[in-house]
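What follows is calculated from the coordinates using simple rules that are stated; it is not laboratory data. The structure displayed is predicted, hence computed values, not measured ones. A quick note on method: Cβ atoms are made from the backbone with ideal geometry, for glycine too, and the neighbour counts reach across all protein chains shown.
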Amino acid sequence: MSTAIELKLDQESSRMVQGLRDHLISCGVRGMELEYPFQPHITIGYFHNIGRSEIDAVARGLAGELGPLPVTLSHVGMFVKGECAVLFFGVTPSEQLLHANRIVHERCLHVTTPDGPYSTPGRLVPHCSLAENIPIEDMSRVLALLQASGAMSLPIEARAEELLVDVDGREIWGHALSGLLLSPDPRELSRSFEVPRTPGMSA
């Protein structure tokens, strides 16, 4: 079981990203198919074999501390995977975003090992994906379509307003970012936080 902790974009920004995705689909771009509903987001943690109660405790605790986070979609980029690529909006790595990424990993280390080459602290590449399997040979056309649509008029200022827990892309729930912390505070980093353990779980 793979579980991601994600920041959900505000409604207006989500509509914009969804609209661009719909535009690419309507233009016949290949590789846009997904096995799960599309939800614009920024992944800040990715973990294997962590229980629902443990990951929900981390998400609920962090969401209760953080207020809505400003997010800047600053560029268009891609991760190359063989003959295909993930197309995304790159996100400026703000102090608030790096803090959220670091703290979720610190708290999950009690019960699991982090995974994901682009989401661990020190290696985070914050991004909001548009598509996951576009053939490399089609990328020039895709970028031209985005340019014509105005999507390359960056940066785009957005907000993250909810923390999502995403289990295998099939079970997703969230907690509103309802706290007051908008930037890292050393007092928050030292706050004690105990993650509930399932019976029989070793330290």
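Tabulated values for the structure
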| item | result |
| --- | --- |
| The stretch 72-192: relative contact order as a whole-number percent, Cα under 8 Å and 6+ apart | 29 |
| Reported label for calculated Rg/Rh (Cα atoms, Kirkwood Rh) given (i) 1.01; (ii) 0.98; (iii) 1.04 | (ii) |
| Stretch in the chain that is longest and holds no GluC sites (Glu not before Pro) that DSSP places in a loop and that have at most 15 other beta carbons within 10 Å | 84-193 |
| Sequence-distant residues sharing a close amide H with Glu132 (under 5 Å, placed H) | Leu87 |
| Positive-end extreme of charge dipole, the stretch 1-137 - chosen from Leu109, Val86, Ile55 (charges on Cβ) | Leu109 |
| Between the stretch 57-119 and the stretch 127-146, the Cα center-to-center distance that results, in Å | 21 |
| Under the Karplus curve 6.51 cos²θ - 1.76 cosθ + 1.60, θ = phi - 60°, whole-Hz ³J(HN,Hα) for the stretch 59-66, x wherever Gly or Pro sits | 5, 5, x, 5, 5, x, 9, 8 |
| Degrees separating the helix 95-108 axis from the principal Cα axis of the chain, which is the longest one | 50 |
| Value at 222 nm in deg cm²/dmol, rounded to 500, when DSSP H runs of n ≥ 4 in the chain each add -39,500 (n - 2.57) | -9000 deg cm²/dmol |
| In order through the stretch 36-47: 3J(HN,Hα) via Karplus (6.51 cos²θ - 1.76 cosθ + 1.60), integer Hz, x for Gly, Pro | 8, x, 7, 9, x, 7, 10, 7, 10, x, 9, 9 |
| Packing-based exposure ordering (other Cβ within 10 Å, fewest first) of Ser149, Ser13, Ser119 | Ser149, Ser13, Ser119 |
| Charged-residue dipole, Cβ positions (Lys, Arg, Asp, Glu), the chain about Cα centre, Debye nearest 20 | 200 |
| Global geometry of the stretch 41-83, whether rounded, prolate or oblate, following the gyration tensor of its Cα atoms and the 1.5 cut on a/c | oblate |
| Likely footprinting exposure, Phe38, Phe88, fewest C-beta neighbours within 10 Å first | Phe38, Phe88 |
| Estimated vicinal HN-Hα couplings, Hz - the stretch 128-144 in sequence order (Karplus 6.51, -1.76, 1.60; Gly, Pro = x) | 10, 6, 9, 7, 10, 9, 7, x, 4, 5, 9, 5, 4, 5, 4, 5, 5 |
